[in-house]
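J.: Sharing a structure here in structure tokens format.
The values are calculated or read from the model by the stated rules, or taken from the named source; none is laboratory data. Nothing here was measured: the structure is a model prediction, and the numbers come from that model. Every residue, glycine among them, receives a Cβ derived from its backbone with ideal geometry; neighbour counts consider all protein chains shown. Heads up: the accessible areas ignore ligands, DNA and RNA and are worked out on the full protein's heavy atoms, side chains in. Shrake-Rupley method; radii C 1.70, N 1.55, O 1.52, S 1.80 Å.
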Amino acid sequence: QVTLVESGGGLVQAGGSLRLSCVASGPIFNFNNMGWYRQAPGKQRELVATISSGGSTNYADSVRGRFTVSRGVAKNTVLLQMNSLKPEDTAVYYCKALRGSLEVWGQGTLVTVSS
């Protein structure tokens, strides 16, 4: 069974930085696409950033220029460097991985940005 485990969330002041990591384990390697989504209280889950196996990236307008998504050195690892954090970035951040019709989600990691 494929699982995704996120880490790196926490409490930070506005203007600060955090780096999230997501590591996949299980029988599937070489995901076509990995990325990050977030869900704030009372809101729908939304895309933050994704990266393909070829390195192509996609960002939400709200984070472009502040966040950077990358693939880790280890296979099936995806990172999210978050700089210049704002209180509106507060949410549970989820990692997602895709390979064909297989879609896997992590359990989420909480990011709280205080003003």
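J.: Tell me which residues, restricted to the stretch 78-114, are open to solvent by 70 Å² or more (accessible area, probe 1.4 Å), at pLDDT 95 or above and either farther than 30 Å from residue 26 by Cα or not aromatic (Phe, Trp, Tyr) (or both).
T.: Hits for the stretch 78-114 are 86, 88, 107, 110.
J.: List, please: which pairs have Cβ atoms under 6 Å, are six or more places apart or on different chains, and start with a residue in the stretch 38-58 that is in contact (Cβ under 8 Å) with a residue 24 or more places away in the chain and end with one that is assigned to a loop (DSSP other than H, G, I, E, B) and open to solvent by 50 Å² or more (accessible area, probe 1.4 Å)?
T.: Pairs that qualify, where the first residue is in contact (Cβ under 8 Å) with a residue 24 or more places away in the chain and the partner is assigned to a loop (DSSP other than H, G, I, E, B) and open to solvent by 50 Å² or more (accessible area, probe 1.4 Å), are 39/45.
J.: Related question: Please work out if residue 2 is modelled with pLDDT under 95 and open to solvent by less than 60 Å² (accessible area, probe 1.4 Å). Before the answer, list the steps.
T.: On the way: modelled with pLDDT under 95: yes; open to solvent by less than 60 Å² (accessible area, probe 1.4 Å): yes.
Yes.
J.: From the set of residues in the stretch 59-77 that are of a type in the set (A, V, I, L, M) and modelled with pLDDT under 95, which is most open to solvent (accessible area, probe 1.4 Å)?
T.: 73
J.: A further question follows. From (1) open to solvent by 50 Å² or more (accessible area, probe 1.4 Å); (2) free of Cβ contacts under 8 Å to residues at least 40 places away in the same chain; (3) under 13 Å from the mean Cα position of the chain (by Cα), pick out the condition that doesn't hold for residue 7.
T.: (2)
J.: Now for a separate question. Considering only residues that are modelled with pLDDT under 95 and surrounded by 14 or more Cβ atoms within 10 Å (Cβ to Cβ), which ones fall in the stretch 35-52?
T.: The one that is modelled with pLDDT under 95 and surrounded by 14 or more Cβ atoms within 10 Å (Cβ to Cβ): 52.
J.: Same structure, new question: How many residues, within the stretch 14-29, are part of a loop (DSSP other than H, G, I, E, B), surrounded by 13 or more Cβ atoms within 10 Å (Cβ to Cβ) and modelled with pLDDT of 95 or more?
T.: The first filter runs over the stretch 14-29 and keeps only residues part of a loop (DSSP other than H, G, I, E, B), leaving 14-17, 26-29.
Those still in the list that are surrounded by 13 or more Cβ atoms within 10 Å (Cβ to Cβ) too: 14, 16, 28.
From the residues that got through so far, the ones that are modelled with pLDDT of 95 or more too are 14, 16.
So the answer is 2.
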